[in-house]
Amino acid sequence: MSQQKETVDVFLCHNAADKDWVRQLGEQLESETFDGTASGRPLRVFFDEWDIDVGYNVLLRLNQGLSACRYLAVVISPEMLAAPWPTLEWTHIVADDPVNRKGRIIPLFLRDYSAATGAYAELPAPFKALNWIDFRRAQDFKRSFLKLIRKVRNQPPLRGRRRRPLASSSGPLQLHNPSEEMAAAPDKVSEFILSNLLPVEDYPTTIWMAPTSAREPKEIWSNVESACPFILQDKKLLTFADLSNASEPLRATIDTTRVESLPVGQWKDDPVKWRWVVYLLNRCLRGHFAGLPIRQDSKGRFYFMPKENAARSWQNGNDPARTVADKKKNSVGSTFWVHHGAKLAFQALGDSMFICVEPRYVFTSDGTRPLEGKSVGPLSIKWGGKERNAAILRHVMFWARTLTKHSAKIEINTGGAPITVSGIPAFSRTRFGVEFDHIGIGSLIQQAEDELALAAEAAVTATHSGTDFTEDAPDE
């Protein structure tokens, strides 16, 4: 009597670091049937915990499972790519079908970064060329699982909805009911969205001006030791400080017989003069950092300075301390500095004013002089790549709390009425979003990752590709 051939629908190729997740995936797969009906044949997976019993020959059972499986689901993570046993399993299939013409390999991308090893997933052939299913976001599990189960059931990809013909005759248009797998619309859930904008609650309503012979700010500073924020435009000095007040130091640099004031709102409809107002607000913002170990470079980026040529740690209130400037080494042993930074600027949206916070990395050669280059430039321009929404929001909250200086709100001195800004980013609610995608603000702030180390690693990795890493040329 011939022995019944073993049937395996999916062989789960994975590493022990992902064992719990793979076990749940296997349980879900074996809860399904091949044809999707209640009476259909249950799907079967090959999972080492279930299919290699005590005393069994491990290599023999692996070979049997690989030979019997219809599909090999490769659960990709940095640990899996570095481990020998999963490599043995997927190369078993690749050796027979190098370019996956039979389509037996199904890559399942679970994680692209390992917190335990600090390694990133570098996809080897053949995975680099294969279309994979993205399981990296827990909230997308159902949608990704439906793609997997469709493939396991040998069903073709679902096509788009049918539209009314433009060049053919047709009958009544059939309604299209998209599947959950193909649905591109967001989930119908209430979504709370935080922005990177800090709402301005109040700012000066009067701007003062007077003619001046000064044409450069340094001419003002040479006469006034501690001048209030000001700008020079159209041969006039503009400020929020009351220039009619006899004790105002800026009066020493202006024609005091021709002082005038105007309501700030009067310039809202004049794009040129409204830019002057925003420019003056940004001058006040720059002055707000006086006394803090933060400087602004020629590109408008604020960043933390080292502490006497050593790494600097910074703590806002009871938040965890974080390293905000640190010295690192590149691949040839040369040192450079990585700084937490941000581009901060006032921005008008409609009738409202905000401080826009754009977190950035800043790289310097010695803690002061910026580095630039094909590799470093994109890194310092904006957070991207491996920086997720939660990380960006954490940096926005960090800068907001730095600006508050241990107060409930941000109070910026102008020389006149202060600028009052909320320390909580502007938010909105929508009736759609991603279900189960929640971020706890409190726990978010408590996270203390070595982000500068990751930034430095990314910069050094970029230089390995042959791109330059040089000192930033001064702006023209």
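The values are calculated or read from the model by the stated rules, or taken from the named source; none is laboratory data. None of the values given here were measured: they were computed from a predicted structure. Counting neighbours? That spans all protein chains shown, and the Cβs are built from the backbone with ideal geometry, glycine included.
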Residues satisfying the stated conditions in region 1-44, i.e. without any contact (Cβ under 8 Å) to a residue 12 or more places away in the chain and acidic (Asp, Glu):
Asp20, Glu27
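Residues are listed down the side, and each one gets a yes or a no for (1) in the same structural domain as Glu30 (by TED's automatic domain parsing); (2) assigned to a helix (DSSP H, G or I):
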residue	(1), (2)
Glu122	yes, no
Lys128	yes, yes
Asn131	yes, no
Arg136	yes, no
Gln139	yes, yes
Arg143	yes, yes
Lys147	yes, yes
Arg159	no, no
Region 316-359, subset within 30 Å of Thr205 (Cα to Cα) and free of Cβ contacts under 8 Å to residues at least 40 places away in the same chain, residue surrounded by the most Cβ atoms within 10 Å (Cβ to Cβ)
Asp351
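From Glu32, Glu79, Glu49, grab the single residue that is closer than 26 Å to Glu122 by Cα and at pLDDT 90 or above.
Answer to the selection: Glu79.
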Within region 117-165, how many residues are closer than 21 Å to Gln24 by Cβ and either touching a His at 6+ places or on another chain (Cβ under 7 Å) or of a type in the set (Lys, Arg) (or both)?
8
Strands (runs of 3 or more DSSP E) within region 283-349 that include 1 or more residues in contact with a Leu (Cβ under 7 Å, 6 or more places away or on another chain) and of a type in the set (Val, Ile, Thr):
322-329, 335-349
Hey, can you tell me all the residues within region 37-85 that are of a type in the set (Val, Ile, Thr) and either more than 26 Å from Lys147 (Cα to Cα) or more than 39 Å from the chain's Cα centre (by Cα) (or both)?
Thr37, Ile52, Val54, Val58
Taking region 215-227 and keeping residues surrounded by fewer than 20 Cβ atoms within 10 Å (Cβ to Cβ), in a loop (DSSP other than H, G, I, E, B) and either touching a helix residue (DSSP H, G or I) at 6+ places or on another chain (Cβ under 9 Å) or not hydroxyl-bearing (Ser, Thr, Tyr) (or both) leaves Arg215, Glu216, Asn223, Val224, Glu225, Ser226
From the residues in region 72-99 that are without any contact (Cβ under 8 Å) to a residue 12 or more places away in the chain and acidic (Asp, Glu), which one is surrounded by the most Cβ atoms within 10 Å (Cβ to Cβ)?
Asp97
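Looking at this structure, is Pro263 farther than 28 Å from Arg401 by Cα, touching a residue at least 40 places away in the same chain (Cβ under 8 Å) and in contact with a Lys or Arg (Cβ under 6 Å, 6 or more places away or on another chain)?
When the stated conditions are applied, Pro263 does not pass them.
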Just give me the residues in region 100-140 being of a type in the set (Gly, Ala, Ser) and surrounded by fewer than 17 Cβ atoms within 10 Å (Cβ to Cβ), in sequence order.
Gly103, Ala115, Ala116, Gly118, Ala119, Ala125, Ala129, Ala138
Quick test of your reading of the structure: Lys218 fulfils all but one of (1) farther than 20 Å from Arg286 by Cα; (2) within 43 Å of the chain's Cα centre (by Cα). Name the failing condition by number.
(1)
Taking into account only those residues within region 305-315 that are farther than 25 Å from Pro199 by Cβ and in contact (Cβ under 8 Å) with a residue 24 or more places away in the chain, which is farthest from the chain's Cα centre (by Cα)?
Asn309
Identity of the residue in region 378-435, assigned to a helix (DSSP H, G or I) and basic (Lys, Arg), that ends up modelled with the highest pLDDT:
Arg401
State yes or no: is Ser144 in contact (Cβ under 8 Å) with a residue 60 or more places away in the chain, touching an Asp or Glu at 6+ places or on another chain (Cβ under 8 Å) and closer than 17 Å to Val75 by Cβ?
no
Across (1) hydroxyl-bearing (Ser, Thr, Tyr); (2) closer than 29 Å to His406 by Cα; (3) in contact (Cβ under 8 Å) with a residue 40 or more places away in the chain, Thr256 clears everything bar (2)
